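A.B. asks: The structure under discussion is supplied below as structure tokens; questions concerning it will follow.
Readers should treat all values here as calculations from the given coordinates under stated rules, not as data from a laboratory. Note that this is a predicted model, so its numbers are computed, not measured. Because the Cβ atoms are built from the backbone with ideal geometry, glycine has one as well, and the counts that use them run over all protein chains shown.
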Amino acid sequence: MAAVPDAGVVARLFALILVDSCDIHSPHETTAMRTRGSESFIVLPLLPIFLIGVFPMLLLSLLGPAGLIILGILVACAGLTDILDASGTFSEQIIVHGYARGSERAGQRTALRTEMRFASIMIAAGAGLAVAGIGGLALS
């Protein structure tokens, strides 16, 4: 059985934690304070990204499951758009450049399959979000 520390030991440990967590500097440590103030300027360029991202997050939180359905539909539509774009690019390569060598055709087919695979994952994720939103609406 472990021994329970007395109140004095616990108080000293608590005091050490408080002293370490406080932001106390001596007057000779002015360089540390200057560098600490400049850290906020590093985050400043990210402010527009944050402000743009706040609106959709707020909208999704206000809409609840319906927002999840809308997001799922948008993700699935983006996946369908990627499939159509990949097929169009593949067809354009065939029409513009005509009959290509075997290695070029293999590269084009590989690019098409890669883009379609990623787009299929996006469609599946969008469908999953829509199903989760429908389930959320059914439960509420």
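A.B. asks: Using per-residue counts of other Cβ atoms within 10 Å, averaged over each peptide, order 67-78, 129-140 from highest down.
C.D. replies: Packing proxy ranking, top to bottom: 67-78, 129-140.
A.B. asks: What are the equivalent ellipsoid semi-axes of segment 52-140, built from the alpha-carbon gyration tensor (square roots of five times its eigenvalues), in whole angstrom, biggest first?
C.D. replies: Its equivalent ellipsoid spans semi-axes of 38, 13, 9 Å.
A.B. asks: Now, a different point. Alpha carbon centre of segment 61-76 versus segment 80-128: separation in Å?
C.D. replies: Rounded to whole Å, the Cα centres lie 28 Å apart.
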